[in-house]
Every structure is written in C-alpha cells, then in structure tokens.
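Here the structure is laid out as structure tokens; the discussion comes afterwards.
The values are calculated or read from the model by the stated rules, or taken from the named source; none is laboratory data. Only a predicted model underlies this, so the values are computations on that prediction, with no experimental measurement involved. When we count neighbours, we look across all protein chains shown, and the Cβ atoms used for this are built from the backbone with ideal geometry, even at glycine. Surface accessibility is based on the protein's heavy atoms, side chains included, excluding ligands, DNA and RNA. Shrake-Rupley method; radii C 1.70, N 1.55, O 1.52, S 1.80 Å.
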Amino acid sequence: MEIFIVGVIVVALMVYVSTRIKKSAAQAYEPETIDAEDFTIKKPAGFINPINDDSTFAFEAYTKDFGTDEAKDFRQARARLRRISDSSFDAVCKNVKQSADKVLSKNFSESAAQGQRVFQLETDGVEADVPVFSAWKIVESRERRKIYELQISVLEEYKKNYVDEVAEIIESFVVK
C-alpha cells in the first residue's frame with residue numbers, strides 16, 4: 001500500500017512539472033518587446049528568442065518549424081541583428097547588395113531620427129541550394145559609432161506565411 005501511495009505522489013508531481021514546462025515553452029513563443037541598451041525590437045508570435053550569451057548576434061529569433069525536403073535543416077524564418085563597429089555604413093550596404101542574387105526593393109533615408117542613416121533592402125538569394133527571401137534594415141548610429149544590420153530570412157516557400165511578421169520586426173527595430 002505504501003508503494004502505491006508513493007507512486008501516486010510521484011505521478012502527480014510529474015504531471016505538475018510537465019504542465020509547468022509546457023506553459024513555459026508556450027510563453028517563449030508569445031510576442032515580446034526586447035528593450036536592449038541601444039535598441040528595441042519586437043519579436044512576433046511564433047518566434048523564439050534563445051538566450052545564448054556566446055552568440056555573435058545582438059538579437060536572434062527564429063521559428064519552431066523547419067522547412068521540408070532540401071530545406072529540412074533550415075528554420076522557416078529567422079531574424080538576426082549584428083552590431084558592426086569596424087566598417088563603414090556604405091561598405092556594409094554594398095556587401096549586403098552584393099550578397100544577394102536579386103534585389104527586389106531598396107530604400108535609403110538620410111533624414112532618419114537622431115542623426116541616423118537607414119537603408120532597407122529586400123532580396124532573393126540561395127543558401128545551400130535553398131531559395132531564401134531576405135529583408136534587411138541597416139542603421140548607422142553616428143552617436144554610438146556603430147552600424148546595426150538586421151536581417152530577416154524566410155524560406156521562399158513560406159514567404160507568404162510570414163509577411164506580417166517580417167514587417168513587424170522591420171518596423172519595430174529602432175536604434176536608440
């Protein structure tokens with residue numbers, strides 16, 4: 001009888017812990033505003049922002065789901081933000097344009113707030129034989145003497161599914 005009681009207690013504890021873990025995992029994919037020291041950005045629903053102190057990115061988020069067939073090792077969508085301090089704004093913009101197979105649109109703003117220059121670009125390209133759409137927002141902060149390069153990449157076959165999320169990330173990204 002004692003074994004039965006202990007077994008029931010262990011099972012109840014396992015159910016409780018499992019429920020808590022599921023709740024925490026679900027919350028990780030909820031929308032969130034990331035407010036860093038030098039920028040803010042919104043992570044849309046369906047994306048996770050992993051905590052990785054060793055990452056080379058100032059911000060990173062990606063979807064839970066992967067592509068299919070030859071894209072099975074790629075997330076359907078991902079966003080990455082780099083801080084660059086050892087290059088010029090013009091050089092960063094040029095490198096991004098040259099890395100693309102096809103430039104779909106581009107927009108440059110010199111009169112951006114707080115002495116910043118902003119370059120936005122949409123491109124089509126190929127990564128490891130997988131077609132990828134990318135939206136870029138490059139911001140030069142003269143005050144901070146840094147360049148911020150945000151890239152949102154979406155597998156071409158899922159581009160229509162993530163139109164709103166890509167726009168939300170691009171629009172919400174602001175350098176302070």
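Given the options A135, A100, name the one that is surrounded by 14 or more Cβ atoms within 10 Å (Cβ to Cβ), touching an Asp or Glu at 6+ places or on another chain (Cβ under 6 Å) and not hydroxyl-bearing (S, T, Y).
Details: A100 fails: touching an Asp or Glu at 6+ places or on another chain (Cβ under 6 Å).
When all the criteria are applied, what remains is A135.
For the stretch 1-79, give me every one of the strands (runs of 3 or more DSSP E) that falls completely inside it and has 1 or more residues that are at pLDDT 90 or above, open to solvent by 70 Å² or more (accessible area, probe 1.4 Å) and charged (D, E, K, R). Give the derivation first.
Details: elements: 32-35, 39-43, 59-63.
The strands (runs of 3 or more DSSP E) meeting that bar are 32-35, 39-43.
Every residue in the stretch 148-157 that is open to solvent by less than 30 Å² (accessible area, probe 1.4 Å) and over 12 Å from the mean Cα position of the chain (by Cα), please. Break it down stepwise before answering.
Step one: of the stretch 148-157, the residues open to solvent by less than 30 Å² (accessible area, probe 1.4 Å) are 148-150, 152-155.
Once the filter is applied, which keeps residues that are open to solvent by less than 30 Å² (accessible area, probe 1.4 Å) and over 12 Å from the mean Cα position of the chain (by Cα), the stretch 148-157 yields Y148, L155.
Condition first: under 30 Å from E143 (Cα atoms) and in contact with a Pro (Cβ under 6 Å, 6 or more places away or on another chain). Now tell me which residues in the stretch 32-79 satisfy that.
Matches in the stretch 32-79: P44 only.
Of the numbered conditions (1) farther than 28 Å from E70 by Cβ; (2) more than 14 Å from the chain's Cα centre (by Cα); (3) surrounded by 15 or more Cβ atoms within 10 Å (Cβ to Cβ), R145 satisfies every one except a single condition; which is it?
Tallying (1) farther than 28 Å from E70 by Cβ; (2) more than 14 Å from the chain's Cα centre (by Cα); (3) surrounded by 15 or more Cβ atoms within 10 Å (Cβ to Cβ), R145 fails exactly one: (3).
If you check every pair at least six apart or on different chains, which have Cβ atoms under 8 Å apart with a residue in the stretch 13-42 that is within 27 Å of K146 (Cβ to Cβ) first and a residue that is in a helix (DSSP H, G or I) and modelled with pLDDT of 65 or more second?
Within 8 Å, the pairs are T33/S172; T40/S172; I41/I169; I41/S172; K42/E168; K42/I169; K42/S172.
Quick check on the stretch 115-130: of everything there that is touching a residue at least 24 places away in the same chain (Cβ under 8 Å) and charged (D, E, K, R), which residue is farthest from S153 (Cα to Cα)?
Out of the qualifying residues, it is R117.
Do you know which residues across the stretch 115-126 are over 17 Å from the mean Cα position of the chain (by Cα) and surrounded by fewer than 22 Cβ atoms within 10 Å (Cβ to Cβ)?
Filtering the stretch 115-126 down to residues over 17 Å from the mean Cα position of the chain (by Cα) leaves 115-119, 124-126.
Within the stretch 115-126, G115, Q116, R117, V118, D124, G125, V126 qualify.
Of the conditions (1) surrounded by 18 or more Cβ atoms within 10 Å (Cβ to Cβ); (2) free of Cβ contacts under 8 Å to residues at least 40 places away in the same chain, E140 clears all except one; give me its number.
Of (1) surrounded by 18 or more Cβ atoms within 10 Å (Cβ to Cβ); (2) free of Cβ contacts under 8 Å to residues at least 40 places away in the same chain, only one is false for E140: (2).
For the stretch 105-141, which positions are assigned to a helix (DSSP H, G or I) and touching a Ser or Thr at 6+ places or on another chain (Cβ under 8 Å)?
Q114, G115
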